[in-house]
Amino acid sequence: MAGGLTRFVYRASQILAMLLLVVFLAELPVAAQNSAVQTRTRKNSAKDLSRDSSKPKLVVILVVDQMRGDYVDKFQQQWTGGLKRLVDEGAWFHEAAYPYGSTETCVGHATISTGAFPASHGMIGNEWWDREQQKEITCTADASVKNIAYDGSAAPGGGDPAGSAHGSTPNIGPNSVGDSAARMLIPAFAEELKFQSGAGTRIVAMSLKARAAITMAGHQADSVTWWDGATGLWQTSSAYPQAPFIAEFVKLHPITEDYGKTWAPLLPESAYLYDKTAVNPGAPTGYGAEFPHPLRGGPDSKGPDRAFYLQWATSPYAETYLAHMAENVVDKLKLGRGPSIDFISVSFSSADYVGHSFGPRSWEVQDELARLDRDLGEFFTHLDKTVGRGKYVVAFSSDHGVAPVPEDLRKTGVDAGRLNVEEVRNRIEQALEPLHYAKPAVSKIDGANVYFTPDTYAKLKSDAHALQAVIDSIQSAPGVARVYQAEEVDDRPATRNPIHAAEAAGFLKSRSGDLLIVPKPYWIWDYSAPGKPGRNGGTSHGTPNYYDQRVPVILMGPGIRRGRYYETATPADIAPTLATLCGITLATQDGRTLAEALEGFHSARGAGSSQTRSTSDANTPSDR
Ligand SMILES: [Zn+2]
């Protein structure tokens, strides 16, 4: 009897063990399953990269515009979808930050896409002063191409769809030129993939912003799509093919369908970290300082108009739209199901508009991410079904962080404010007035970059007294930490000063300013009219301060060891890591392969040693 019971228990435990094994195998991390696939397929003699099934079938780069690194720590409790999956299944580089000072959209996207710093890829800002043309240009401005809207009309180019990175200042477009990657000095990862893989890699990128979609795709691509906030139309340029599947999608799904909707909180009130009412917001017309936000244009709106378009861009509806557009392209092009490694990038701009408007300590930013989490969850489920789980690799990051709203922080007694650019310009002109310099001495101040009129800077360099007067005048402006001369940061000088190094990494002599201004911590750029500082609400980014530099870097998919990593990393490491996974080589060594997050990694002291300081273990789901 006892023996029978023992046998029964033994037999039952055997069955249980087998069941557990089945469950365990089913639950094995994708990366581990893939390493089994790798072992099997290495024996096959693949003729090109695309037919080597150890490689991903699809590379996905997702960028959330203005997502500071600590948002993951602060808000992940509310996530259940795609952002949660990235944190749980991905390799999360917790300490990732841009190592340069020009923390703007075009710069960040070009850095992610090329694996290089602005000194190499040349996209030193969203805009800069073109010394040859003596005018300000955008990073994607290209007079040799024309923008084409997806209703067939000619479309404006050059500007920001919904206000520039300067915050709530008007954009500098529309102008007569179109948009392309002509000013990006090296190829994007996607272009290298297509060129080196010897097969038909398809390249697709989309965003509300031209400078985000274009820099991610590169100089040539199969479909690059962005949006114009003046007309509400999706567009591309003659640099890229007109994509019938995009035309069809936007015709079937006009954004005007969102007119009349109201953005209200998704989560229960108790889930929000901060005060419901934003401090000194810089929100679109028709939006108040707190939820709910109606998408009905301005007070006189009778239908979808420019005010509505700005509200729409500053809402989660635009992110949902982009995610659906991406799913549609994956279906229409059968991305990840051809003979090649395909590429898709989606940059979600609304997080930036919401962040500029309400600041990082707002219900709106937290809510927008909670909704994006759902959108991305759906997107990944779609990729699981179409491409297959474990067959696509995802890189997730942001183009820059953000400062708190200065007036919000100042309540705590901390020095914070708005560094008025026009005031700086006036001070320089006044300093040079008694020294007999031609007026005006300054052509343009664009963020940190001070550009003098032709010959003025050459004259200043041989006139130590006048140059010192100029530098003193800038440093006396409220919010200025220090001023660098171009010569101090050219050719990336060795320095232990991180601000100096940051200014050097972002500097390209032909495009950057003659002088560079570094704001004090918690002082943001202000482009409002002189004498009216603080006119603008909301907040901004674009400085070498850490809150502007820090962003998430998360990798997920085949070949990636999940875990939380505390090594130093930058978003320039994304492209080299993807290049390693796909077996190609990039143009520069600015970024590094994040080897510690790759399957098969062995450090000098062994994987997981104190040297790597990683909590990663592909087979230990509890390590997150
Ligand atoms: Zn921005």
Q. Residue check, Phe245 against (1) free of Cβ contacts under 8 Å to residues at least 60 places away in the same chain; (2) surrounded by fewer than 17 Cβ atoms within 10 Å (Cβ to Cβ); (3) of a type outside the set (Ser, Thr, Tyr), all met but one. Which one?
A. (1)
Q: Identify the single condition in (1) closer than 30 Å to Ile524 by Cβ; (2) among the hydrophobic types (A, V, I, L, M, F, W, C); (3) touching an Asp or Glu at 6+ places or on another chain (Cβ under 8 Å) that Ile554 does not satisfy, given that it satisfies every other one.
A: (3)
**Q.** Filtered residues of segment 356-402 (kept if within 16 Å of the ligand (Cβ to nearest atom), among the acidic types (Asp, Glu) and under 17 Å from the mean Cα position of the chain (by Cα))
**A.** Glu368, Asp399
Q: Restricting attention to strands (runs of 3 or more DSSP E) lying wholly within segment 523-624, give those where 3 or more residues are within 30 Å of Arg418 (Cα to Cα) and modelled with pLDDT of 85 or more.
A: 523-526
Q: Determine whether segment 338-346 contains at least one residue that is without any contact (Cβ under 8 Å) to a residue 60 or more places away in the chain, farther than 22 Å from Thr215 by Cα and not aromatic (Phe, Trp, Tyr).
A: no
Q. Conditions: (1) surrounded by 19 or more Cβ atoms within 10 Å (Cβ to Cβ); (2) at pLDDT 95 or above; (3) not assigned by TED's automatic domain parsing to the domain that holds His109. Asn420 meets all but one. Number of the miss?
A. (2)
Q | From the options Glu290, Glu319, Glu257, residue that is under 23 Å from the mean Cα position of the chain (by Cα) and among the charged types (D, E, K, R) | A | Glu319
(Q) Can you confirm whether Gly218 is of a type in the set (Gly, Ala, Ser), buried (at least 20 other Cβ atoms within 10 Å of the Cβ) and modelled with pLDDT under 95? (A) no
Q: Quickly run through segment 55-69 and pick out the residues that are under 24 Å from Glu327 (Cα atoms) and either more than 15 Å from the ligand (Cβ to nearest atom) or surrounded by fewer than 24 Cβ atoms within 10 Å (Cβ to Cβ) (or both).
A: Lys55, Pro56, Lys57, Leu58, Val59, Val60, Ile61, Leu62
Q.
Being at pLDDT 95 or above, farther than 25 Å from Leu62 by Cα, touching a strand residue (DSSP E or B) at 6+ places or on another chain (Cβ under 7 Å) and buried (at least 17 other Cβ atoms within 10 Å of the Cβ): is that true of Tyr287 here?
A. yes
Q. Restricting attention to segment 233-277, which residues are part of a loop (DSSP other than H, G, I, E, B) and of a type in the set (D, E, K, R)?
A. Lys261, Asp275, Lys276
Q | Some residue of segment 93-112 being more than 30 Å from Arg374 (Cα to Cα) and of a type in the set (Asp, Glu) | A | no
Q.
Every residue in segment 330-355 that is part of a strand (DSSP E or B), more than 16 Å from the ligand (Cβ to nearest atom) and of a type in the set (A, V, I, L, M, F, W, C), please.
A. Phe343, Ile344, Val346
Q. What's the number of the condition Leu266 fails, among (1) surrounded by fewer than 13 Cβ atoms within 10 Å (Cβ to Cβ); (2) under 13 Å from Ser315 (Cβ atoms)?
A. (1)
**Q.** Residues within segment 202-216 that are farther than 14 Å from Ala326 by Cα and outside any loop (DSSP other than H, G, I, E, B), tallied
**A.** 6
Q. Which condition does Pro265 not pass, out of (1) modelled with pLDDT under 95; (2) in contact with a helix residue (DSSP H, G or I) (Cβ under 8 Å, 6 or more places away or on another chain), if it passes all the others?
A. (1)
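The values are calculated or read from the model by the stated rules, or taken from the named source; none is laboratory data. For clarity, every value in this text was computed on a predicted model and none was experimentally measured. Counting neighbours? That spans all protein chains shown, and the Cβs are built from the backbone with ideal geometry, glycine included.
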